[in-house]
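Have a look at the structure below, then the notes.
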Amino acid sequence: MEDDRTLVLTRHLAAPVARVWQAWTDPEILPHWFGPEGWTCDTHHIDLREGGEWRFTMAGHGMSFANRHRYTRWVPGERIEFLMDGFEGEADAKRVVVTMVPEGDGTRITQTMQFASAEQLRDVVDNYNAVESGMQTLAKLAAIVEG
């Protein structure tokens, strides 16, 4: 964790940046890997571009959560920024920045999530295993792009 409101996850992927970018920006690919093991994304609307949004329900382990990603910045092959919240405009939206940097024969992906408060971050880390879940999500991404 960078500070008391920020969670940073990173992983080296044995795949070129172009393939990693495609996995994040292709509406046929993203819903298949996004989320931790045992969770699925039921897409209601998907418009993957700067200014677009993805609305989906993440379901698994007898639970479901409304999700909305509002894409605020895209730098092709380098960076995606979005606000993550439920289906409605929540005051506590998380700001997410995903960067993709060439490293060796692959790509270093870093996902930085900034929460509205330190308490909100502690809640997801303690009660929802945010670090482990995030690393599982990156492992699913790796399985898609490295295969």
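The values are calculated or read from the model by the stated rules, or taken from the named source; none is laboratory data. All values reported here derive from a predicted model rather than from experimental measurement. Virtual Cβ from ideal backbone geometry, glycine too; neighbours counted across all protein chains shown. Calculation scope for accessible area: heavy atoms of the full protein, side chains included, ligands and nucleic acids excluded. Shrake-Rupley method; radii C 1.70, N 1.55, O 1.52, S 1.80 Å.
Figures for the structure shown
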read-out: Rounded percent of accessible protein surface that carbon and sulfur make up, region 78-147, 1.4 Å probe; value: 49 percent
read-out: Positive minus negative residues near Ile46 (Lys, Arg vs Asp, Glu; Cβ under 15 Å); value: -2
read-out: Distance between region 5-35 and region 98-114 - C-alpha centres, whole angstrom; value: 9 Å
read-out: Ala139 paired with His32, simple spin-label distance in nm, labels 7 Å along Cα-to-beta-carbon; value: 2.0 nm
read-out: Rough spin-label spacing in nm, given labels placed 7 Å along Cα→Cβ, for Glu90 and Asp42; value: 1.8 nm
read-out: Region 1-44 - accessible surface per residue (Å², probe 1.4 Å); value: 53 Å²
read-out: Interatomic Cα distance distribution for the chain, bins of 10 angstrom, percent; value: 12, 43, 39, 7, 0
read-out: Tensor-based shape of region 30-112 (alpha-carbon gyration tensor, a/c under 1.5 rounded, otherwise prolate or oblate); value: oblate
read-out: Phi to ³J(HN,Hα) by Karplus 6.51 cos²θ - 1.76 cosθ + 1.60 over region 47-57, Hz, x for Gly, Pro; value: 9, 8, 5, 4, x, x, 8, 10, 10, 8, 10
read-out: The chain: relative contact order as a whole-number percent, Cα under 8 Å and 6+ apart; value: 31 percent
read-out: Dipole moment magnitude, nearest 20 debye, region 1-120 about Cα centre, only Lys, Arg, Asp, Glu C-beta charged; value: 220 debye
read-out: Dipole of the chain, positive end: most advanced residue of Cys41, Gly62, Val131 [Cβ charges, Cα centre]; value: Cys41
read-out: Per residue, the convex hull volume that the Cα atoms of region 97-136 enclose (Å³); value: 67 Å³
